[in-house]
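A.B. asks: Below you'll find the structure I mean.
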Amino acid sequence: MTVNIIEGEKFAQMLVEGANNLSSNSKKIDALNVFPVPDGDTGTNMNLTITSGVKEVRAQTKNHVGAISSSFAKGLLMGARGNSGVILSQLFRGFSKSVEGKETITAKDLSKALDYGVEMAYKAVMKPVEGTILTVAKDAAKKGNDFSKHNEDVNELMAVVLEEAKASLERTPDLLPVLKEVGVVDSGGQGLVTIYEGFLAILRGEKVADSVQQDEPHMDELVKLEHHQSAQSHLATEDIEFGYCTEVMVKFEEEKMAENPFSEDGFRQQLDQYGDSLLVVADEELLKIHIHVEYPGNVISEAQKFGSLVNVKIENMREQHTTILNEKGSEPTAPKPSKSNKKTEYAVITVGLGTGIADLFKGLGVKTVIEGGQTMNPSTEDFVKAIDESNANKIILLPNNSNIVMAANQAADVSDLDVIVVPSKTVPQGLAAMLAFNPEQSLDENADGMNEIMKEVKTGEVTYAVRDTSLNGVAIKKGDFMGIYEKNIVSTGSSVQEVAKELIAEMVDDESEILTIIRGEDRTESESDEIVQYIEEQHDDVEVEVHLGNQPLYSYILSVE
Amino acid sequence: MSIVKIVTDSTADIPFDLQQELDISVVPLKVHFGEETFEDGVNLTSNEFYEKLGGADSIPTTSQPTPHQFETEYRQLFEANDSPDIISIHLSSKLSGTFQSAYIASQTLGDDIPVTVVDSKRASYAIGIIVVEVATMAKAGATKEDCLKRVDELLEDTTVFFMVDTLEYLEKNGRIGKASAVLGSLLKIKPILSLTEEGEVFPFEKVRGQKKAIHRMIQEFENRYGKDDIHVGISHAKAESEAKSLMTQMNDHFTVKKEVLTNIGPVIGTHVGPGTIAVSVTKMRK
């Protein structure tokens, strides 16, 4: 049977199933990450990105492809994390532009939309690298376009697109040498393939539209995301409108369901009146609810109409919040707008992991340090939130990681305020950039100065391999330490101290004046002292500064200038 | 037509023989170590001061000359020199009340003894460089009008950059100005400091490492003076060898027509601390 048209409802199901399929494969995609640092997060990032998109799809009640697509794109845009997540969001931003206003779509519409998405994504990336998700999307869209010129069946079109996406994915190692060396395909491309698989499964009717997430961790992940978002939006305890975080799990019972037929969307809409941060997931057996409400009893009663209570958890968020405030030493009874949050001309927002690193940045005048880094890429929305809360006229973003630069750029695009991204790729670059920051200068002058000064600092990092691999012809065992100088591994071995010393020997030359050592949470003072002693013996004209960064994963972050 | 006499204060850090050579009158500020009071450069030399500073329990304090001191100085000059015109050039009014004292003295004397008081908006040899240039003209017989015109040019053309070993002294004495922005940093930062148009301390640039600071400073002088004939003064607080090597570098990069190496005296030394080096540059007339 030929199917010539995709309707809104089906389209929404495709998106949901695409997300589900990506979600169940996210760990596998993580494992494809080629760089052997404890990084493997492409799957996680793409999953969190698409989850944010699907959330918007669920909130969209219109049976209209254009409207659904636009909601999806908006959710992706705000939730975009990591480079693959940002590219994914751009692919669907273009897609949604292309199907704007269309209630249903034909094969031609679909292929055109995929094509336009590719165009948009290429435009968004400053230096597109072939052999990545971009190539996979491009090849697949091209095949789809050719196909739809003489065939109108949408199912067959999607099959052709998926087939080519897979073929293109297999070719990625030929385009990107680093993939070939490690013997994997591109992780972002793999993510896109799993999304397309989900699309096709729905079109072919192989999967029933289930917006159901079976595994508990997934709900947890969603709850965490909700809390993460809401925690940032509340500044004072009194601002919390809905005081109780309520989680209810219900086992469906047939008798009750007969009286009270369950509709997930209907139920969601009903609960939505009670509070915010609402999550509802259901499968054949279980219904799970997470919501912030003022009267948890109502929610429990409503849920109980469909079955028996399995589990109920209620937490008083005002108490929790007050405790946090107390720990921070502010007054819980009369929360005042904090002094530091008065309107300022400038705010610099950066990203880092480790209390010591945050202190270093704040000492240099940074307003907000978003928690994150190599393994925890903040989303576009995290940046947007920080921008909104900065209460400043001009904002500078320092991402401190090449995987976070794009999310920052996207946030700068989305924001109505004057935001500039100074694309620092490492913590030392970010710190150096802050030296050039001058609140009396214009945004452009600052960006120029900060970009310039970043070139003068050399970055070294000591971390460990998450699995056996080989890179640049060097065999690396799981658990071995690696010294990374800018992007290259220059020393490896089982002794962290020796690896660090070898790395420093590579970094320091006659021009070097200061070596700064930022010690990770896994290293002791006597260990860093030993390195200081080594440098003093080898290079007596180099000044050494040691700071406790408390960062995870990186035993040492080094900078030479 | 009367001759022109130039008065300044001890914070101009003009070497003694140059004062003598150009007939420059210097009014001393005061330094107080606890109960003990010294007159800057009169009964306390730079070397003695830094020695005392090293052994002192607390940082000394300083005070401006009284209006009476200026009045006395102006009167003496006037009487000894057959009614000269007096130009009195002083430490930035944003950093000290010295200018204020001199101004009050000039007002007190009124038309009897005409004194033009100038706020140099600078400190250390950056004042000195202006004073020396004008005193040279005055000694050659220039009129008061010519001298004041030249003062305006010099105020426009003179740049000073300085580096301190620690910001502690500027902070404790409340002269940190806009450089306070650098204080919170955990990283050791060597700011290149300068003075604003108003004469306040500000961090021209924050850098780490002395080599880099010197490199940036020379770069900036290059932008401002290029191939001009320049007068360079380097004043230092117990950092003679660094100051000398810096002077060599300045000669390598620029057409230096006049160079002066001098000590940062006790009063400025109190505010910037040992290890400080200041480089002052101005354009010479062709």
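Taken together, the values in this text are just the output of simple stated rules run on the coordinates, not laboratory data. This is a predicted model, so every value here is computed, not measured. Please note: Cβ atoms are built from the backbone with ideal geometry, for glycine as well, and neighbour counts cover all protein chains shown.
A.B. asks: Report the one residue of B:ILE127, B:LEU154, B:GLY141 whose Cα lies farthest in the direction of the positive end of the charge dipole of region B:109-158 (charges on C-beta: Lys and Arg +1, Asp and Glu -1; origin at the Cα centre).
C.D. replies: Of the candidates, B:ILE127 comes out farthest on the positive side.
A.B. asks: Still on this structure, please answer the following. Using Cα-Cα distances under 8 Å and only pairs 6 or more residues apart, what relative contact order does region A:5-203 have, in percent? Numbers along the way, then the final one.
C.D. replies: Numbers: 400 pairs, mean separation 52.3, N = 199.
RCO, region A:5-203: 26 percent.
A.B. asks: Over chain B, calculate the relative contact order: mean separation of alpha carbon pairs under 8 Å at least 6 apart, over the residue count, as a percent.
C.D. replies: Numbers: 553 pairs, mean separation 64.6, N = 286.
With pairs under 8 Å counted, the relative contact order is 23 percent.
A.B. asks: How big is the antiparallel share of DSSP beta bridges in the protein assembly as shown, given as a percent to the nearest 5?
C.D. replies: Just about 65 percent of them are antiparallel.
A.B. asks: Angle between the Cα long axis of helix A:107-124 and the longest principal axis of chain A, 0 to 90 degrees, nearest 10?
C.D. replies: 20
A.B. asks: Another question, if that's okay. Which of the peptides A:519-526, A:83-90 is most tightly packed, and how do the rest follow, judged by the mean count of other Cβ atoms within 10 Å per residue?
C.D. replies: Values: A:519-526: 15.6, A:83-90: 28.5.
Final packing ranking: A:83-90, A:519-526.
A.B. asks: Now a separate question. Defining a contact as two alpha carbons under 8 Å apart and six or more residues distant in sequence, what relative contact order in percent does chain A show?
C.D. replies: 12
A.B. asks: I'd like the Kirkwood hydrodynamic radius of region A:459-560, using the inverse of the mean 1/r over distinct C-alpha pairs, in Å.
C.D. replies: This gives a value of 13.6 Å.
A.B. asks: Give the value in nm², to one decimal: projected area of the alpha carbon convex hull of region A:5-203, averaged over all directions.
C.D. replies: With every direction weighted equally, the projected area is 9.6 nm².
A.B. asks: Taking region B:185-286, how much of its Cα-Cα pair set, in percent, is spaced more than 23 angstrom apart?
C.D. replies: Beyond 23 Å sits 26 percent of the P(r) for region B:185-286.
A.B. asks: If you don't mind, there's one more thing I want to ask. What order do you get for A:MET158, A:MET126, A:MET317 when you list them from fewest to most C-beta neighbours inside 10 Å?
C.D. replies: Ranking A:MET158, A:MET126, A:MET317 by Cβ neighbours within 10 Å, fewest first, gives A:MET126, A:MET317, A:MET158.
A.B. asks: Using the Cα gyration tensor of chain B, with a ≥ b ≥ c the square roots of its eigenvalues, what is the shape: rounded (a/c below 1.5), prolate (a/b larger than b/c) or oblate (neither)? Working shown, then result.
C.D. replies: Values: a/c = 1.88, a/b = 1.27, b/c = 1.48.
Because a/c hits 1.5 or more and a/b fails to exceed b/c, chain B counts as oblate.
A.B. asks: For region B:159-283, what is the percent of antiparallel DSSP beta bridges, rounded to the nearest 5?
C.D. replies: 70
A.B. asks: Moving on. Beyond 25 Å between alpha-carbons counts as too far, so tell me which of A:LYS55/A:LYS367; A:LYS28/A:LYS180; B:LYS5/B:LYS172 fall in that bin.
C.D. replies: From A:LYS55/A:LYS367; A:LYS28/A:LYS180; B:LYS5/B:LYS172, over 25 Å: A:LYS55/A:LYS367; B:LYS5/B:LYS172.
A.B. asks: With chain B treated as a Gaussian network of Cα nodes joined by springs under 10 Å, which of B:ALA213, B:ALA126, B:ALA102 yields the largest mean-square fluctuation?
C.D. replies: Ranking B:ALA213, B:ALA126, B:ALA102 by mean-square fluctuation puts B:ALA213 first.
A.B. asks: In addition: Take the cross-link list A:LYS138/A:LYS425; A:LYS458/B:LYS212; A:LYS425/A:LYS487; B:LYS178/B:LYS212; A:LYS138/A:LYS166 and give me the ones stretching past 19 Å between alpha-carbons.
C.D. replies: As for pairs spanning more than 19 Å Cα to Cα, those are A:LYS138/A:LYS425; B:LYS178/B:LYS212.
A.B. asks: Given the alpha-carbon gyration tensor of region B:1-104, what are the semi-axes of its equivalent ellipsoid in whole angstrom, ordered largest first, with each equal to the square root of 5 times an eigenvalue? List each step's numbers first, then the result.
C.D. replies: Working: eigenvalues 155, 46, 24 Å².
The equivalent ellipsoid of region B:1-104 has semi-axes of 28, 15, 11 Å.
A.B. asks: Based on a Kirkwood Rh over C-alpha pairs, give the Stokes-Einstein translational diffusion coefficient of the protein assembly as shown at 20 °C and viscosity 1.002 mPa s in µm²/s.
C.D. replies: 68
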